[in-house]
Each structure stands twice: as C-alpha cells, then as structure tokens.
Amino acid sequence: MSTTFNRDPNYWDTLALNELFETTNSYQNFNIIKCLSSYNAALSIVDTDEMWDKYFITMIKILSDAGITEFHKINLIKESIHCAHKKNKLKPNHYIHLIYNSKGSLTLDILDWAFEAYPNDSLILEVNIKFKLSERDELIAYELFKENANKCSSTLWLIIIEYFSNKPQIWHIFNMAFGDKSVCSDNVKPKVANEYLLWLSKNKSLNDARNAYLLLNTNNSCDASLCKTMVTLETGQQIIDVSKIRQHFTLACMQFGKTDIHLWMERIYFELKYGSLQLASTTYHQALTTLNNEESGQFAEIMKAYSTLNTICNP
C-alpha cells in the first residue's frame, strides 16, 4: 500500500498542502519550508509532468498570496522556481502564470529565466514586451519587438502601434509591416492594415490613406474590413467623394466579392444613402452573379428578410 501511495501525485500533493496549511506552527514560513520539502521528496520519487504541475500550482498560490514586503517567503519560492528552471522543468505556461502572480524584482528574474529557456516562444516574448511597456522600459520593449516582429501576433502588433502612435518610432513600425523589407507575417498584416490607414489619414492625409489602400489591395495585404475602414474615412469628410468610394468598393469586390456577403450589403447600403435606387439595384444583381453559388443563395435569402430593401433591388 505504501508503495502505491508513494507513486501517487495526489498523495504527495495532499501531504505538501497539509504542511502548508498546518495551524500549529507560529512561524508561517516554516510551513512553506516543510511544504517545499514534501514536494522535493515527491519529485525525487515521482518525477512526472503531473507532479511538477501540482508543485507549480502551489508555488503560484503562495506567490499570489505573498505581500511585496514578505522577502523571506518570496526568496523561498524564488529559490524553488530557479531550481526548477535549472532542471528545465518549467513549461511556457508555468513561466507566464508565475510572472503574472509574482511581484517586484522576482518578476524580472522570472522574465529573464523564461526568455532564457524559451527564446523563440511567442507567448513568452509577448509577455516580456508587454511587461516592459507597462514598466515604461519602452526602448527595451521596442528593441525586443524589432528583433522578433516576425513572430509577434496581431494583438501585440496592435499594442505596439497604440503605444507608439504619437512617438517617432511609429513610422518605422508601419514600415516593418508594409515596407519593401516587411517582417510582418501575412496573417497579421490585415489586422495592422486598418490601423495604418487610420494613422495615415490622421497624421498625413486622406490621399496618403487612399494610396496605401490601393497598394495594400494590390499586395494582398488586407481583408474586406479594410474597405469598410476606407469608406468610414471617406464618409467622415466634409465633402464626400462618392466616385472615390465606389472605386474602393470595386477594388474590394474584385478581391473578396466571391465570398463576402457583408461587403455587398455594405455597398448596397452605400448606394441607397449616397447614390440612387437604380445603382443599389444594379449592385444587388452584380452581387448575385459574382458571389459563389452557396454565398449567392445565402445573400438572396438575407435580402428577402428585408422586404423593403428587397423591393428596392427587385423593382
């Protein structure tokens, strides 16, 4: 029976937790020492992922409960974490949970260990950059981003763009995304493209945004949402250039018109508001013939649900 228990991670986890929450000890850190000792004994016998996971869950719990001034408690956990790091037992998710639950200088240490252990892990990288930004270490964050931009998610790109939107680095960031030597992955570019147009319109000119829209469509660096962004910029002007907006729709429909029902709906609504009933009807019939068979059928059913709109497009 003893042998069975000795191989059971739940047995050791319960034993260690009992030591942690023992109420007879007046010195709380003694509980932590005994708890860690139990886990170390367990790991010498049951060196499995399950056992390590239980160990780290408890470490995270102790860390999250520790006050920033409880130096001895933090140092006890730091020593245990560093030992696990040296043994290569920490997974990326362990590091991330430890980072978010640690405090003060320990957070910096765990960030360094995480990056040392997993220099190519995108989640570790992003947590590192976000932390640097939150601590106003923007130059370090920026250099980290530049060195690893090709591995960064669209979420991190957008965070970087928002943070540096009014700083000198922003133009270089957009150049990294859409310049001749782009380091932005193809699946990220469409998400970044919308912010690029908005920034150009605000900080350069509407014509710069128009030219970028044309180039992004030509280079297949966008999705249909970019058309909506461009139309929003155009219709926000004091004088609305309807012909330019139609060009934007035409370009988008050439690329996405076979599958994107909502793009055609937006084009019809635009013609109803800024064009004519005839042009709305023409756009409707163009959509029916351009969309793939399945999407065309779905589009027709959607239009039927809007009886007034359907009557306008089918006089």
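The values are calculated or read from the model by the stated rules, or taken from the named source; none is laboratory data. As the structure is a computational prediction, the values presented were derived from the model and not from experiment. Using ideal geometry, Cβ is built from the backbone for each residue, glycine included, and neighbour counts are taken over all protein chains shown.
Observations
- 2 or more residues hydrophobic (A, V, I, L, M, F, W, C), more than 30 Å from V183 (Cα to Cα) and modelled with pLDDT of 90 or more: qualifying helices (runs of 4 or more DSSP H) within the range 67-147: 71-86
- Scanning the range 245-295 for residues that are surrounded by fewer than 17 Cβ atoms within 10 Å (Cβ to Cβ) and of a type in the set (K, R), we see that the one that is nearest to A212 (Cα to Cα) is K258.
- For the range 161-202, a residue qualifies if it is touching an Asp or Glu at 6+ places or on another chain (Cβ under 6 Å) and either of a type in the set (V, I, T) or closer than 18 Å to K130 by Cα (or both), and exactly one does: I161.
- Residue in the range 152-171 that is at pLDDT below 90 and either outside any helix (DSSP H, G or I) or under 17 Å from the mean Cα position of the chain (by Cα) (or both) present: no
- The number of residues in the range 221-232 that are modelled with pLDDT under 95 and among the β-branched types (V, I, T) comes to 0.
- Among the residues making up the range 79-118, a single one is of a type in the set (G, A, S) and under 20 Å from the mean Cα position of the chain (by Cα): A114.
- Of the residues making up the range 60-81, those that are of a type outside the set (A, V, I, L, M) and farther than 13 Å from T107 by Cβ are K61, D65, G67, T69, E70, F71, H72, K73, N75, E79, S80.
For (1) without any contact (Cβ under 8 Å) to a residue 12 or more places away in the chain; (2) over 26 Å from L17 (Cβ atoms), each residue gets a yes or a no:
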{"site": "E50", "(1), (2)": "no, no"}
{"site": "M59", "(1), (2)": "no, no"}
{"site": "K73", "(1), (2)": "no, no"}
{"site": "H94", "(1), (2)": "no, no"}
{"site": "S105", "(1), (2)": "yes, yes"}
{"site": "W113", "(1), (2)": "no, no"}
{"site": "N128", "(1), (2)": "no, yes"}
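- Among the residues making up the range 93-135, those that are within 19 Å of W157 (Cβ to Cβ) and β-branched (V, I, T) are I124, V127, I129.
- Residue list for the range 79-110, restricted to those being of a type in the set (K, R) and under 17 Å from S64 (Cβ atoms): K103
- Check on N187, part of a helix (DSSP H, G or I) and among the polar types (S, T, N, Q): no
- Among the residues listed as E135, E126, the single one being among the acidic types (D, E) and exposed (fewer than 14 other Cβ atoms within 10 Å of the Cβ): E135
- Residue count, the range 130-142 (criterion: free of Cβ contacts under 8 Å to residues at least 12 places away in the same chain and either hydroxyl-bearing (S, T, Y) or in contact with a Gly (Cβ under 9 Å, 6 or more places away or on another chain) (or both)): 1
- Looking across the range 155-171 at every residue that is of a type in the set (S, T, N, Q) and loosely packed, with under 14 Cβ neighbours inside 10 Å, the one that is nearest to L139 (Cα to Cα) is identified as N166.
- The residue that is surrounded by the most Cβ atoms within 10 Å (Cβ to Cβ), among those in the range 176-220 that are closer than 15 Å to I160 by Cβ, modelled with pLDDT under 95 and charged (D, E, K, R), is K189.
- Residue that is closer than 27 Å to E116 by Cβ and either in contact with a strand residue (DSSP E or B) (Cβ under 9 Å, 6 or more places away or on another chain) or not aromatic (F, W, Y) (or both), where the choices are I45, I77: I77
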